Amino acid sequence: QVQLVESGGGLVQPGGSLRLSCAASRMVFSIHDMHWYRQAPGKQRELVASITSGGTTNYTDSVKGRFTISRDNAKSTVYLQMNSLKPEDTAVYYCNAKWVALSYWGQGTQVTVSS
């Protein structure tokens with residue numbers, strides 16, 4: 001059974017930083033495109049950032065210039081570095097792995113941006 005385990009969430013003040021990690025197991029990590037989604041209370045889950053198996057990255061407009069997605073295939077881990085955090089970044093952040101028609105999700109990690 002594929003496992004994705006997120007970590008690194010927490011409470012941070014506006015303007016602060018957090019780094020989320022997602023450790024994958026029981027899968028060939030390097031061939032999967034990896035994504036970070038988030039879901040705020042009462043809102044739909046939205047795609048925040050993506051990194052392909054080849055290393056190409058994409059971001060939703062609201063996080064461009066503030067968030068950076070990266071991957072370490074040797075550690076089967078994808079990261080999301082979040083800087084200049086805003087209250088509207090508050091959400092549960094989910095890691096997602098996709099390969100052809102297969103899609104796997106982590107359990108999520110809470111990020112709260114508040115003073």
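The values are calculated or read from the model by the stated rules, or taken from the named source; none is laboratory data. These figures come from a predicted structure and were not determined experimentally. Cβ coordinates were reconstructed from backbone atoms using ideal geometry, including for glycine residues, and neighbour counts include every protein chain displayed. Accessible surface is based on the protein model in full, side chains and every heavy atom, while ligands, DNA and RNA are left aside. Shrake-Rupley method; radii C 1.70, N 1.55, O 1.52, S 1.80 Å.
Pick out which of TYR79, TYR37, TYR94 has the largest mean-square fluctuation in a Gaussian network model of the chain, springs linking Cα atoms closer than 10 Å.
Greatest mean-square fluctuation among the candidates belongs to TYR37.
Based on alpha-carbon centroids, what's the gap between the range 21-49 and the range 64-115 in Å, whole number please?
6 Å
Under a straight-distance cross-link criterion of Cα-Cα below 16 Å, which lysines are reachable from LYS64, leaving out those fewer than 8 residues away in the same chain?
Once the sequence-local lysines are set aside, what remains near LYS64 is LYS86.
Taking the Cα centre of the chain as origin and charging only Cβ (+1 Lys, Arg; -1 Asp, Glu), how large is the dipole, in debye to the nearest 20?
60 debye
Percent of accessible area on the chain owned by carbon and sulfur, 1.4 Å probe?
Numbers: 2930 of 6030 Å².
C and S atoms contribute 49 percent here.
GNM on the chain, C-alpha springs below 10 Å: top fluctuator among LEU85, LEU20, LEU11?
LEU11
Going from the alpha-carbon gyration tensor of the range 49-115, what semi-axes, largest first and in whole Å, does one get by taking the root of 5 times each eigenvalue?
Result for the range 49-115: semi-axes of 22, 14, 11 Å.
Averaged per residue, what accessible area in Å² does the chain show with a 1.4 Å probe, protein chains only?
52 Å²
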